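This report concerns only the one structure given below.
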Amino acid sequence: MSEETTGTRSNFITDIIDEHLENGRFDHVHTRFPPEPNGYLHIGHAKSICLNFGVAEQYNGLTNLRFDDTNPTKEEVEYVESIKADVKWLGFDWDDRLFYASDYFDPLFDYAIQLIKKGKAFVCDLSAEELREYRGTLTKPGRNSPYRDRSIEENLDLFQRMKAGEFADGSRTLRAKIDMSSPNFNMRDPVMYRILHESHHNTGDEWCIYPMYDYAHALSDSLEHITHSICTLEFEDHRPLYDWFLDQLGVWHSQQIEFARLDLTYTVMSKRKLLQLVKEGYVSGWDDPRMPTISGMRRRGYTPEAIRAFADTIGVSKANSMVDVELLEHVVRDDLNNRARRVMAVLEPLKVIIDNYPEELEEEFEVPYFPWDRDDSPTRMVPFSREIYVERSDFMEDPPKKFYRLSPGTEVRLMNAYYITCTDVIKDDSGNVVELHCTYDPESQGGMSPDGRKVRGTLHWVSARHAVEAECCLYDYLFTKADPYEVEEGGQFTDNVNPDSLTVIPNAKLEPSLRTAQACEPFQFMRQGYFCADYGDSSPEHLVFNRTISLVDTWAKMQKQREG
RNA sequence: UGGGGCAUGGUGCAACGGCAGCACAGCGGACUUUGAAUCCGUUGAUCCAGGUUCGAAUCCUGGUGCCCCGGCCA
């Protein structure tokens, strides 16, 4: 039923929800997307966003955006702004339900008092190192803190004074009183509050004690009456603690559900690692088009629809897996194929002089942007003249078999213009081809000849006199290894950074219509790939285009196979 | 036997006791004013061993492999 209306497949999460709806555990669906504002969102977060918003939509439910901002040492407003922008850009709407865990510091404090009064929490004076020692090991149970049996009154007093700022960072914590012999570390009297004399991006200096994730998250979900709290696999062990807090307090009890995070080949997906790439200058910033961040992908020319289609395609499960980046690329190409205007641009120009074309003559051809829909497509005028540029790789003096492009004596079609035949090859002293001379067939205007003779090769071109120059950035994978973490002894993932991930072409030749391209507006440079003007660096005076992704290149693949 | 989780073509996801299917990748072909797109065809999988059953990817038992957990991070 829900499948037909949204196109979303069912999965183990919708199975759980269906069960809850049937057995009456819940009568509606309310999810949340809870990022910590300590970095920019990446494609892995996009999966989670699509999941949370998608599942809610599927059940006519709601989704909150909540910033999980309980650690002021890592969080910044720059990040909250970028996260809001990214979620919006992806096409999701939290309406007026924008929350911060830090909005709940007061009620969270009150809940902590309640737990103390119930004898379920205590102030502990153990140092961090001592606490680690008391916690035990994987196989050995922990030991009770010597402060575990403080009176409720003393705990209340101490906790208030922690809040009042009487104690130094790290000198005391508030801990839940659970079970130091639990095989699950999260239940060995976990820390609920730590002292941090640190300014918070949202609450400023109002607080010097901050709640820990497990405590804050469970209760934030509860306060917002979230039904299904969807998170990643590593929190599976935390669920008993999540449940414990809510049970002890007897409050609204959300169901935590864990799924496998996204892992992509040739990509790192941890905010810490991405931050390192930014800080150490491997990329120009969080929104560098090579980054797997949502802002990087946006800048590169991916559309929100493509990213959502990708999330849809990969599905969701509990199995750790590594998605092949080619799947992402396929979805991006598929999306762009349907929306990108077709234009002509020459990346590596080779001058062609058409000897029998009149020197002063200029023609303009009206060319549709969507060639498969000639009648209804918008068009633009493309100028033609005696000297044009073609792609250097479209000429070979000594071509192999099945090379359908230009070579001495062969005839090819200039897309939407004329047939030309190469008559002469001009080289410099070192033997490099610098210029081609051709003749054209005036009868073949528009790219068809009246005699119907077949011309196999079709080339894109740009009139030299009218060409607009642009910088073009071509991107390759940021890493040379499918798994960037596969390193030599003592190495680290940055050893696998691809030194050729960015190729800048300083002066590509574009057809003049591209002068007015809008940032992020998708174009297909025919026979090359999808490109868009860079929203940061491009201007009418200095055009900069990013290659979003190349076209599938069967010819290049054949060549490679021949070599290998 | 510390605890928790996961195993289906090369990759990701379905099949919920009844013919193992979809997408990507691969391979072959058609078409083509993009060596793109499109269209058609096609190779290829249930971790292992037992058991229950007329029938098991699915249920049971025992193995094996991989992932997560000893922050006052999230």
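For segment A:402-409, 3J(HN,Hα) computed residue by residue from phi via the Karplus equation (6.51, -1.76, 1.60; θ = phi - 60°) reads 6, 8, 8, 9, 7, 7, x, x Hz, glycine and proline entered as x. A:Gly39 sits among other residues whose Cβ lies under 13 Å from its own Cβ, and their net charge, with Lys and Arg +1 and Asp and Glu -1, is -4. Annotation: amide H-H contacts under 5 Å for A:Val323 (H modelled 1.01 Å from N, sequence separation of 5 or more, or interchain): A:Asp263, A:Leu264, A:Thr265.
Once backbone amide H atoms are built at 1.01 Å from N, A:Gln255 has A:His228, A:Ser229 as its partners under 5 Å, excluding neighbours fewer than 5 places away on the same chain. Note on A:Thr554 and A:Asn356: the extension gain reaches 67.9 nm, defined as 0.36 nm multiplied by sequence separation minus the Cα-Cα distance.
In chain A, the calculated helix contribution to ellipticity at 222 nm averages -8500 deg cm²/dmol per residue, counting -39,500 (n - 2.57) for every DSSP H run with n ≥ 4. In terms of other Cβ atoms within 10 Å, A:Ser10, A:Ser550 run from fewest to most in the order A:Ser10, A:Ser550. Within segment A:155-209, the proportion of Cα pairs with more than 19 Å between them is 38 percent.
Among beta bridges identified by DSSP and lying wholly in chain A, the antiparallel ones come to about 65 percent. Legend: ranking of residues A:Val278, A:Val55 from fewest to most surrounding C-beta atoms inside 10 Å; resulting order A:Val278, A:Val55. Summing Lys, Arg as +1 and Asp, Glu as -1, what charge do residues with Cβ under 12 Å from the Cβ of A:Leu233 carry, A:Leu233 excluded? So the environment of A:Leu233 carries a net charge of -2. Relative to the longest principal axis of the C-alpha atoms of chain A, give the angle of the C-alpha long axis of helix A:239-249, reported between 0 and 90° and rounded to the nearest 10°. So the inclination is approximately 50 degrees. Look at the alpha carbon pairs under 8 Å that are at least 6 residues apart: their mean separation over the length of segment A:352-465 gives a relative contact order of 30 percent.
Among A:234-244, A:354-364, sorting by the average number of other beta carbon atoms lying within 10 angstrom of each residue, highest first, gives A:234-244, A:354-364. The lysines within cross-link reach of A:Lys163, meaning a Cα-to-Cα straight distance under 27 Å and a gap of 8 or more places when in the same chain, are A:Lys74, A:Lys117, A:Lys118, A:Lys120, A:Lys177.
Take A:458-466, A:342-350, A:95-103 and order them by the average number of nearby Cβ atoms within 10 Å per residue, most first; the result is A:342-350, A:458-466, A:95-103. Debye calculation, C-alpha points only, no solvent: report log10 I(q)/I(0) for segment A:332-434 at q = 0.12, 0.22, 0.24 Å⁻¹, in the same order as the q values. The computed values of log10 I(q)/I(0) come out as -0.53, -1.27, -1.36. Listed by chain and number, the lysines whose alpha-carbon sits under 24 Å from that of A:Lys560, ignoring those within fewer than 8 places in the same chain, are A:Lys401, A:Lys402, A:Lys481.
Please report how far the C-alpha centroid of segment A:125-193 lies from that of segment A:440-484, rounded to the nearest whole angstrom. Computed from Cα coordinates, the inter-centre distance equals 68 Å. Annotation for segment A:216-247 versus segment A:269-319: alpha-carbon center distance of 27 Å.
If every alpha-carbon in chain A counts as one equal scatterer, what log10 I(q)/I(0) does Debye give at q = 0.10 1/Å? Each listed q corresponds, in turn, to -0.92. Here the simple spin-label model places points 7 Å from the Cα toward Cβ, and for A:Met396 and A:Glu486 these points are separated by 3.1 nm. Based on Cα contacts under 8 Å between residues 6+ apart, segment A:319-415 shows a relative contact order of 24 percent. The local environment of A:Glu443, defined by Cβ-Cβ distances under 12 Å, has a net charge of -1 under the rule Lys, Arg +1 and Asp, Glu -1. Each peptide in A:120-127, A:480-487 gets a packing score, the mean of other Cβ atoms within 10 Å over its residues, and the list from highest to lowest is A:120-127, A:480-487.
Computed on chain A, with alpha-carbon pairs under 8 angstrom and 6+ residues apart, the relative contact order is 11 percent.
Averaging the Cα positions of each part gives two centres, and for segment A:516-564 and segment A:322-392 these lie 11 Å apart.
Read the figures in this text as sums done on the coordinates, not as results from a lab. Since the structure is predicted, the reported quantities are computational estimates derived from the model, not experimental observations. For neighbour counting, all protein chains shown are included, and Cβ atoms are generated from backbone atoms with ideal geometry for every residue, glycine included.
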